[in-house]
Amino acid sequence: MNETTVARAPGKLFLLGEYAVLDGGAAVVAAVDRHVEVRLRRSTATACARISAPGHCPPFELTAGATPPPELRFACAALEIASSRLSTPSSPGCELEIRSGLEAGAGEGVKLGLGGSAAVCAAVVAALHAAAGRDVEGERDEIFAAALTAHHRAQEGVGSGADVAASVYGGLLRFARTAAEALPRVAPLSPPPGWSLHIGWSGRAAATAPLVRRYLALEERGARQEFLAASRASVDAFAAGLAAGRVDAAAVNGNGEALERLARDCGMPLLTPELERIVALARRAGAGAKVSGAGGGDCAIALTDDPEVAARLAAAWRAAGVRTIDLRLEARGVSVGQA
């Protein structure tokens, strides 16, 4: 059989709740309309799983005992986990090609902090499900569980999994995990009419895992405990605002300021000068603004439901030469089709 299964998974942006989500706090995460595409073909032409990511690394053959290159470790983990759970062999006659639209631009290869590794896991698992004749739409929880396990393994236990949830389910989500539950809690949120999401790029990629490890190494009291309480309050206020049909800019700013205090108190390099400038300009325009994700690079976001504020923000960023990224909410999570 030479049919090709094509899976597409959206990237993500954290809106609120970064870091605190690792301590049981809730986060708000949005799926965005840039995607990772995975093409899976089963064929007798190959004797093992052959994985490629054009423009990133040479093709790799996943054989027993082989160590994948760093660029492919998430795809390999997802392939192995999904194959095991589906009770299908991952190696005979399997070719996997990965293409990412989550980078700075065609040919640039600079990550933007849009959750590429999570999207890869979601797309690989969904592709395996579809190729095995399973119902992707009806088995999103199973796909999420497998993709989350693969992402956790490949990232050596670092991360919350909120990015995986965004890639699998799509839309705007409230995400929280507890030690007592096998899977995190994922609930959809409804953005208010007329809301707008603005993204300013810092010009440099962030290294997420080292920053997360630094946070987890902090004592679970003092600054870390105060940050968790502040983050929870901001997420609750933001979610309440959405339920009332509005964007609570003060809640966004409050969460951003809590992150900034954490960075100052604990010496964590979360805010680069460029991120500080992007955020300050947006707040002066009247929007709610903060760093998005782990910080140290990548993006800052600004939110508003006021068209006049959105116009002032766009003008301020443009005048300051801020590089913006045009992204919209992606309502659909991972999807599959045939090529």
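Specify the residue that is modelled with the lowest pLDDT; the eligible residues are those in the stretch 77-92 that are out of contact with any strand residue (DSSP E or B) (no Cβ under 9 Å at 6 or more places or on another chain) and of a type in the set (S, T, N, Q).
The selected residue is T88.
Of the conditions (1) within 25 Å of the chain's Cα centre (by Cα); (2) over 27 Å from L216 (Cα atoms); (3) crowded, with 19+ Cβ neighbours inside 10 Å; (4) not small (G, A, S), C299 clears all except one; give me its number.
It fails just one condition, (2).
When the residues of the stretch 1-22 are filtered to those that are farther than 28 Å from L128 by Cβ and in contact with a Phe, Trp or Tyr (Cβ under 9 Å, 6 or more places away or on another chain), which remaining residue is surrounded by the most Cβ atoms within 10 Å (Cβ to Cβ)?
Taking the stretch 1-22 first, the residues farther than 28 Å from L128 by Cβ are 15-20, 22.
Among the residues that remain, those that are also in contact with a Phe, Trp or Tyr (Cβ under 9 Å, 6 or more places away or on another chain) are: 15-17, 19-20, 22.
Details: L15: 24, L16: 32, G17: 24, Y19: 27, A20: 27, L22: 18.
Filtering the stretch 1-22 for residues that are farther than 28 Å from L128 by Cβ and in contact with a Phe, Trp or Tyr (Cβ under 9 Å, 6 or more places away or on another chain), the one surrounded by the most Cβ atoms within 10 Å (Cβ to Cβ) comes out as L16.
Take L242 and tell me if it is part of a helix (DSSP H, G or I), under 22 Å from L189 (Cβ atoms), in contact with a Pro (Cβ under 8 Å, 6 or more places away or on another chain) and not assigned by TED's automatic domain parsing to the domain that holds A26.
Details: part of a helix (DSSP H, G or I): yes; under 22 Å from L189 (Cβ atoms): yes; in contact with a Pro (Cβ under 8 Å, 6 or more places away or on another chain): yes; not assigned by TED's automatic domain parsing to the domain that holds A26: yes.
When the stated conditions are applied, L242 passes them.
Evaluate the following for A118: is it closer than 15 Å to A31 by Cα and under 15 Å from the mean Cα position of the chain (by Cα)?
Numbers: closer than 15 Å to A31 by Cα: yes; under 15 Å from the mean Cα position of the chain (by Cα): yes.
Against the criterion (closer than 15 Å to A31 by Cα and under 15 Å from the mean Cα position of the chain (by Cα)), A118 qualifies.
Among the strands (runs of 3 or more DSSP E) confined wholly to the stretch 247-339, which include 2 or more residues that are modelled with pLDDT under 95, closer than 20 Å to G115 by Cβ and out of contact with any Pro (no Cβ under 8 Å at 6 or more places or on another chain)?
On the way: elements: 288-292, 299-304, 323-325, 335-338.
Strands (runs of 3 or more DSSP E) meeting the threshold: 323-325.
In the stretch 185-239, how many residues are of a type outside the set (F, W, Y) and in a strand (DSSP E or B)? Talk me through it step by step, then tell me what you get.
Taking the stretch 185-239 as the starting set, the residues that turn out to be of a type outside the set (F, W, Y) are 185-194, 196-200, 202-214, 216-226, 228-237, 239.
Adding the requirement that they be in a strand (DSSP E or B) leaves 185-189, 196-200.
Counting residues in the stretch 185-239 that are of a type outside the set (F, W, Y) and in a strand (DSSP E or B) gives 10.
Within the stretch 318-332, is even one residue closer than 25 Å to L22 by Cα, in contact (Cβ under 8 Å) with a residue 24 or more places away in the chain and within 14 Å of the chain's Cα centre (by Cα)?
yes
From G286, G241, G245, G267, which residue is surrounded by 19 or more Cβ atoms within 10 Å (Cβ to Cβ), over 19 Å from the mean Cα position of the chain (by Cα) and without any contact (Cβ under 8 Å) to a residue 60 or more places away in the chain?
Sole residue among the options that is surrounded by 19 or more Cβ atoms within 10 Å (Cβ to Cβ), over 19 Å from the mean Cα position of the chain (by Cα) and without any contact (Cβ under 8 Å) to a residue 60 or more places away in the chain: G241.
Taking E156, is it among the acidic types (D, E), out of contact with any Pro (no Cβ under 9 Å at 6 or more places or on another chain) and either within 26 Å of D306 (Cα to Cα) or not in a helix (DSSP H, G or I) (or both)? If you could, list the steps in order and put the result at the bottom.
On the way: among the acidic types (D, E): yes; out of contact with any Pro (no Cβ under 9 Å at 6 or more places or on another chain): yes; either within 26 Å of D306 (Cα to Cα) or not in a helix (DSSP H, G or I) (or both): yes.
Yes; evaluated as a whole, the condition is true for this residue.
Evaluate the stretch 40-47: report whether one residue or more is modelled with pLDDT of 90 or more and either at positive phi or touching a helix residue (DSSP H, G or I) at 6+ places or on another chain (Cβ under 8 Å) (or both).
Looking for residues that are modelled with pLDDT of 90 or more and either at positive phi or touching a helix residue (DSSP H, G or I) at 6+ places or on another chain (Cβ under 8 Å) (or both), one finds at least one in the stretch 40-47, hence yes.
The values are calculated or read from the model by the stated rules, or taken from the named source; none is laboratory data. Being a predicted model, the structure only gives us computed values, none of them experimental. Don't worry about glycine lacking a Cβ; one is built from the backbone with ideal geometry, like all the others, and counts go over all protein chains shown.
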